[in-house]
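Asker: Just dropping this structure here.
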Ligand code: PMP
């Protein structure tokens, strides 16, 4: 069987080469006579994978020396709680910019732990745009600012971060990490579940400024403190070894394909292909996101009626296009085109969209 055109929102497509490498090494990793899953997490063979993955994250994202790269469990969702648990003081608010359901979830966790404020929101339009910098309410006294760099469900994305954020900037980059170069030095924390751009589910990457870790609140349980994982090189307890092995292989693949710049080039071309199919359809397909806030990772669109949307999704599936259903809170369709989704799949989808339009005029 050939590989499907996989537009799943996450877990999502992985590079075929990475899967084939894992398959080849599955029963005998690095001449150990066992799979990487069967190795001790304290063994030299595993530690090499673990350390290489962290080194590659640093290299590919151009992470300065005063940051740590941690591999944690609990998904991006645990970071929603862990960040305020460790860094939200009693007096200063955590400042949340709401650009979608995941930002709302992050805010909800912080509300349970201390003062918060909303420094910007696009909720009134059902999150069709990213608020303009000059509309944001930022203050030197905020404990931190939290943003979601790419909004998986709504298909919007911060186009750049070139702004005076005043307080330490925390970003959920779950759905666009390593899809483009970003200025890491502007952020104090970047976190992302691996299951969209970096590998399978089970590991969450946290990039955190070392000086911030020194300011952790007291009274936090050991496994929920960043310092615990930082001191132990993310080996305080058993890490998700297979997920980290896959992450390492995906990072090697990103490196071989031009790094963050290479990914940006691929992702621009891929997203342009599908947005062109929307924009050239004379209104048959309508994008959910405003044009200047469009995501290069999740392309969201609707058709003129519920019936046409249903027919589109059914026919798409019959033609081998998987995962195009929009999230239930937005409806319509969504093509998630993370790093590993190929230009070929995007070309095939764009021509399917044209054909479907022609036969349903
Ligand atoms: N943030 C964003 C932007 C997401 O897209 C998701 C998952 N779809 C999450 C957070 C939640 O991630 P996890 O399932 O790893 O907790």
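The values are calculated or read from the model by the stated rules, or taken from the named source; none is laboratory data. All figures in this text were calculated on a predicted structure; none of them were measured in a lab. Every residue, glycine as well, gets a Cβ built from its backbone with ideal geometry; the counts of neighbours run over all protein chains shown.
Asker: What is the residue count in region 176-194 for residues that are outside any loop (DSSP other than H, G, I, E, B) and away from the ligand (no atom under 16 Å from the Cβ)?
Answerer: Looking only at that region, the number is 3.
Asker: Let me ask you something else. Please give the number of the condition residue 77 fails out of (1) more than 16 Å from the ligand (Cβ to nearest atom); (2) surrounded by fewer than 17 Cβ atoms within 10 Å (Cβ to Cβ).
Answerer: With respect to (1) more than 16 Å from the ligand (Cβ to nearest atom); (2) surrounded by fewer than 17 Cβ atoms within 10 Å (Cβ to Cβ), residue 77 is out only on (1).
Asker: Mind checking whether some residue in region 210-223 is touching a residue at least 24 places away in the same chain (Cβ under 8 Å) and within 16 Å of the ligand (Cβ to nearest atom)? It would help to see each step written out before you state the result.
Answerer: At the first step, the residues of region 210-223 found to be touching a residue at least 24 places away in the same chain (Cβ under 8 Å) are 210-213, 215-217, 220.
Then keep just the ones that are within 16 Å of the ligand (Cβ to nearest atom); that gives none.
No, because not a single residue in region 210-223 is touching a residue at least 24 places away in the same chain (Cβ under 8 Å) and within 16 Å of the ligand (Cβ to nearest atom).
Asker: Quick check on residue 267: is it outside any strand (DSSP E or B), under 27 Å from residue 179 (Cα atoms) and touching a residue at least 24 places away in the same chain (Cβ under 8 Å)?
Answerer: Answer is yes for this residue.
Asker: Here's another thing I want to ask about it. What number of residues within region 251-264 are surrounded by 14 or more Cβ atoms within 10 Å (Cβ to Cβ) and free of Cβ contacts under 8 Å to residues at least 60 places away in the same chain?
Answerer: 2
Asker: If residue 160 satisfies every condition in (1) within 18 Å of the chain's Cα centre (by Cα); (2) within 16 Å of the ligand (Cβ to nearest atom) but one, which is the exception?
Answerer: (2)
Asker: Mind listing whichever residues of region 93-124 are away from the ligand (no atom under 14 Å from the Cβ) and in contact (Cβ under 8 Å) with a residue 40 or more places away in the chain?
Answerer: Matches in region 93-124: 93, 94, 95.
Asker: Checking the condition more than 25 Å from residue 165 (Cβ to Cβ), without any contact (Cβ under 8 Å) to a residue 60 or more places away in the chain and within 16 Å of the ligand (Cβ to nearest atom), which residue from 243, 232 passes? Steps first, please.
Answerer: On the way: 232 fails: within 16 Å of the ligand (Cβ to nearest atom).
Exactly one of 243, 232 is more than 25 Å from residue 165 (Cβ to Cβ), without any contact (Cβ under 8 Å) to a residue 60 or more places away in the chain and within 16 Å of the ligand (Cβ to nearest atom), namely 243.
Asker: Take residue 39 and tell me if it is surrounded by 17 or more Cβ atoms within 10 Å (Cβ to Cβ), assigned by TED's automatic domain parsing to the domain that holds residue 103 and more than 24 Å from the chain's Cα centre (by Cα).
Answerer: Answer is yes for this residue.
Asker: Something else now. Which ones in region 163-175 are assigned to a loop (DSSP other than H, G, I, E, B), away from the ligand (no atom under 14 Å from the Cβ) and closer than 23 Å to residue 227 by Cα?
Answerer: 167, 168
Asker: Could you check how many residues of region 214-250 are buried (at least 22 other Cβ atoms within 10 Å of the Cβ) and under 21 Å from residue 66 (Cβ atoms)?
Answerer: Number of matching residues: 3.
Results for (1) touching a residue at least 60 places away in the same chain (Cβ under 8 Å); (2) under 22 Å from residue 150 (Cα atoms); (3) in a helix (DSSP H, G or I), shown as yes or no for each residue.
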{"position": "12", "(1), (2), (3)": "yes, yes, no"}
{"position": "20", "(1), (2), (3)": "no, no, yes"}
{"position": "27", "(1), (2), (3)": "no, no, no"}
{"position": "34", "(1), (2), (3)": "no, no, no"}
{"position": "48", "(1), (2), (3)": "no, no, yes"}
{"position": "52", "(1), (2), (3)": "yes, no, yes"}
{"position": "55", "(1), (2), (3)": "no, no, yes"}
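Asker: Take the residues in region 336-352 that are out of contact with any strand residue (DSSP E or B) (no Cβ under 9 Å at 6 or more places or on another chain) and in a helix (DSSP H, G or I), then tell me which one is surrounded by the most Cβ atoms within 10 Å (Cβ to Cβ).
Answerer: Selected residue: 350.
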